[in-house]
Amino acid sequence: MKTNHTLKATFWTLLMFISFSKALAQDLPKTLEWMINRENRKALIYIPATAKTKPTPIIFAFHGHGGTMLNMYRTRGFEKLWPEAIFICPQGLNTKGMLTDPEGKKSGWVMNDVTENNRDLQFFDAMLKTLRKDYKIDDSRIYATGHSNGGGFTYLLWATRANEFAAFAPTATAGGKLVPKLNTPKSGFHLMGENDPLVKPNWQKITYNKILRINGCSQEGTKLDSNITAYTGKNGNDFQLFIHAGGHEYPRNANQPIIDFFKKYVKK
């Protein structure tokens, strides 16, 4: 009897371990790869278990200059906040920085559509094509966010691929030369540190004021909390401005508001 009891306990322990391992495996991100212009491109991606059977949103998240897809994945944690959505963090290539790293020794994103053979836009197009082929994507719920240089690339997507997206959430960035090309109204969320020493607040203000204009937003916003002001736009193209007291860093308390913002909007 003692032996049978021990065998049963071992069996149930093993069964629980297998079940736990399967559940854990579903939560672990995968690394997918593409070959773009003879360059190997990678992205870290979380895929919900239901992605092949149910319409599934996508969140693209682009790291800053010198960043990595792994750090972007870990610091955002969107797979926990919206587990029904695909969460994809692409890896940038070595790129000359506009404000730092002029020799291009660190990873980043090309923030225009006239150089480097549009390599990063081609990368985005390839990622989206693969996801649409392999999974049941909800085309009305595709989103992009990015920090600093990655935020600049998010604005490039807004300028060149706006029709693919429901909403954007660039952080600690400015559109720069892209500002005249930002002409498609879309729901937007911009995060800024009021003491940002790298991407000056005045530069960022020029960018988000352009978004307020093209979205036809109300002049007076509504304070949602100590950080966020919400502006009502025409045809549902609303805007939220998140201002924190810090500098160029990304505050972790922005993760939930960005996801909450994305969940509110579908592509029109």
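Excluding ILE243 itself, what net charge comes from residues whose Cβ is under 12 Å from its Cβ, given Lys and Arg +1 and Asp and Glu -1? The partial results should precede the final answer.
On the way: positive: LYS205, LYS223; negative: GLU194, ASP196, ASP225.
Result for the local shell: -1.
When Rg is the radius of gyration of the Cα atoms in region 169-268 and Rh is its Kirkwood radius, what does Rg/Rh come to? List each step's numbers first, then the result.
Details: Rg = 12.8 Å, Rh = 13.6 Å.
Using Cα coordinates only, the ratio equals 0.94.
If you take the square roots of the eigenvalues of the alpha-carbon gyration tensor of region 67-198 and sort them as a ≥ b ≥ c, do you get rounded (a/c under 1.5), prolate (a/b over b/c) or oblate? Write down the numbers at each step before the final one.
Numbers: a/c = 1.35, a/b = 1.32, b/c = 1.02.
In terms of gyration-tensor shape, rounded.
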Considering amide H positions built from the backbone, and no H for Pro or chain starts, which residues 5 or more places from GLY66, or on another chain, come under 5 Å of its amide H? SER107, GLY108
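Contour minus end-to-end for LYS177 and THR232, with contour as 0.36 nm per residue of separation and end-to-end as the Cα-Cα distance? Please report the intermediate quantities before stating the final value.
On the way: separation 55, 0.36 × 55 = 19.80 nm, distance 2.61 nm.
Extra length available between LYS177 and THR232 comes to 17.2 nm.
Could you compute the net charge surrounding LEU156? Neighbours are other residues with a C-beta less than 11 Å from the C-beta of LEU156; K and R count +1, D and E count -1.
Values: positive: ARG161, LYS177, LYS181; negative: ASP113, ASP120.
Residues close to LEU156 contribute a combined charge of +1.
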Straight-line reach only, C-alpha to C-alpha below 19 angstrom: list the lysines that LYS30 could link to, leaving out same-chain residues fewer than 8 apart. LYS22, LYS42, LYS52, LYS80, LYS129, LYS133, LYS136
Phi-based couplings in Hz for region 37-51 (Karplus 6.51, -1.76, 1.60; Gly and Pro marked x): 6, 6, 10, 7, 10, 10, 8, 8, 9, 9, 10, x, 4, 9, 5
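With an 8 Å Cα cut-off and a minimum separation of 6 or more residues, compute the relative contact order for region 147-204 in percent.
Working: 80 pairs, mean separation 21.3, N = 58.
This gives 37 percent for region 147-204.
Tell me the net charge near GLY176. Cut-off is 14 Å between Cβ atoms, GLY176 excluded, with +1 for each Lys or Arg and -1 for each Asp or Glu.
Taking every other residue near GLY176 into account, the sum is +4.
So if I place +1 on the C-beta of Lys and Arg and -1 on the C-beta of Asp and Glu, and nothing else carries charge, what would the dipole magnitude of the chain be about its Cα centre? I want it in debye, nearest 20. Please report the intermediate quantities before stating the final value.
Values: 36 positive and 22 negative charges, 125 e Å.
Taking the Cα centre of the chain as origin, the dipole is about 600 debye.
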Using only Cα atoms and rounding to the nearest 10 degrees, what angle (0 to 90) does helix 119-134 make with the longest principal axis of the chain? 40
So what is the relative contact order of region 174-240, in percent, for Cα pairs below 8 Å that sit 6 or more residues apart? 35
What do you get for the angle between helix 255-264 and the principal long axis of the chain? Use alpha-carbon atoms, 0 to 90 degrees, nearest ten. 80
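Could you compute how fast the chain diffuses translationally, taking Rh as the Kirkwood radius over C-alpha pairs and applying Stokes-Einstein at 4 °C with viscosity 1.567 mPa s? Give it in µm² per second. Let's see the in-between values first.
Details: Rh = 19.5 Å.
In µm²/s, the coefficient is 66.
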Computed about the Cα centre, the charge dipole of region 30-74 from +1 Lys/Arg and -1 Asp/Glu charges at the Cβ has a magnitude in debye, to the nearest 20, of 140
Quickly estimate the mean residue ellipticity at 222 nm for the chain, helices only: each DSSP H run with n ≥ 4 gives -39500 (n - 2.57), and the total goes over all residues, rounded to 500. -11000 deg cm²/dmol
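Here, each number is a calculation from the coordinates, and none is a lab measurement. Predicted model, so just to flag it, every value in this text is computed and none were measured. Note: ideal-geometry Cβ built from the backbone for every residue, glycine included; neighbour counts use all protein chains shown.
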